[in-house]
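All of the numbers you see were taken from the coordinates with simple rules; none came from a lab. Owing to the predicted nature of the structure, the values given are computational and were not obtained by experimental measurement. Heads up, the Cβs are rebuilt from the backbone with ideal geometry, glycines too, and the neighbour counts pull from every protein chain shown.
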Amino acid sequence: MSRKVTFQSLDDLKAHAGQDITTTDWLQVDQTRIQQFADATGDQQWIHTDPARAKAESPFGTTVAHGFLTLSLLAEFLQSSIDCKGTRMGVNYGLNKVRFPAPVRSGDRIRCHVQLKTVEPLPDQAVQMTWGATIEIEGGDKPACVAEMLSRWYF
C-alpha cells in the first residue's frame, strides 16, 4: 500500500530533490476505462475497443490500453500520492521523455514509482519540478511507461 507523501513546505520539497518519493497503490485498467478513453479521444482502433477481434487477431490476446491513456494516468497517480502544504495551485508543464516499453492489457493492474529529480525556482513564488515516473504492470517484466514530467507549483 502506498503512502501519501505530504511536503510540509517549499524547503521540504527542495530537500527531497534527487530522491525516490513514493510508489502508488495498484490501479486496474479495465475495458470500461479503455472504452471511455477511446470515446473521449476518438481513437477507436480495434486493438483498444474490440475484445473479440483483439482476442483473435492481436498479438496481445486481448484489448490493450492506449499509450496515452497510460500516460494520462500519471495525473491520477501523482494527485493521489503527493501533496505540498502552502501551494495555491499546480499545473502540468509538459514532458521531456516518454516511452511505452510494454502494453497494458485490459484487466491489468498498474502502479507508479515516483522520483523527484529536480526542483527549480521560478518567478512569483513558483517552482518547476522534474518528476521521474515508471508505471509498472503487476507481474510484468517491463514497465508500461517511463516518463519524465514537468510540473509547476505556485505558492
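When the residues of segment 28-77 are narrowed to those that are more than 16 Å from the chain's Cα centre (by Cα) and of a type in the set (A, V, I, L, M), which ends up surrounded by the most Cβ atoms within 10 Å (Cβ to Cβ)?
By that ranking, first place goes to VAL64.
What are the residues in segment 118-147 that are surrounded by fewer than 16 Cβ atoms within 10 Å (Cβ to Cβ) and of a type outside the set (S, T, N, Q), if any?
Selection gives GLU120, PRO121, LEU122, PRO123, ASP124, GLU138, GLY139, ASP141, LYS142.
Pull up segment 1-27, narrow it to residues that are of a type in the set (D, E, K, R) and outside any helix (DSSP H, G or I), then point me to the one that is surrounded by the most Cβ atoms within 10 Å (Cβ to Cβ).
Of everything passing the filter in segment 1-27, ASP25 is surrounded by the most Cβ atoms within 10 Å (Cβ to Cβ).
Based on this model, can you work out whether ILE82 counts as more than 20 Å from ALA126 (Cβ to Cβ), among the β-branched types (Val, Ile, Thr) and in contact with a strand residue (DSSP E or B) (Cβ under 9 Å, 6 or more places away or on another chain)?
no
If you check LYS97 against the conditions, is it touching a residue at least 40 places away in the same chain (Cβ under 8 Å), of a type in the set (D, E, K, R), surrounded by fewer than 21 Cβ atoms within 10 Å (Cβ to Cβ) and closer than 17 Å to LEU13 by Cα?
no
Just checking, which of ASP108, ASP141, ASP124 is out of contact with any Ser or Thr (no Cβ under 7 Å at 6 or more places or on another chain) and at positive phi?
Checking each option against the conditions leaves just ASP124.
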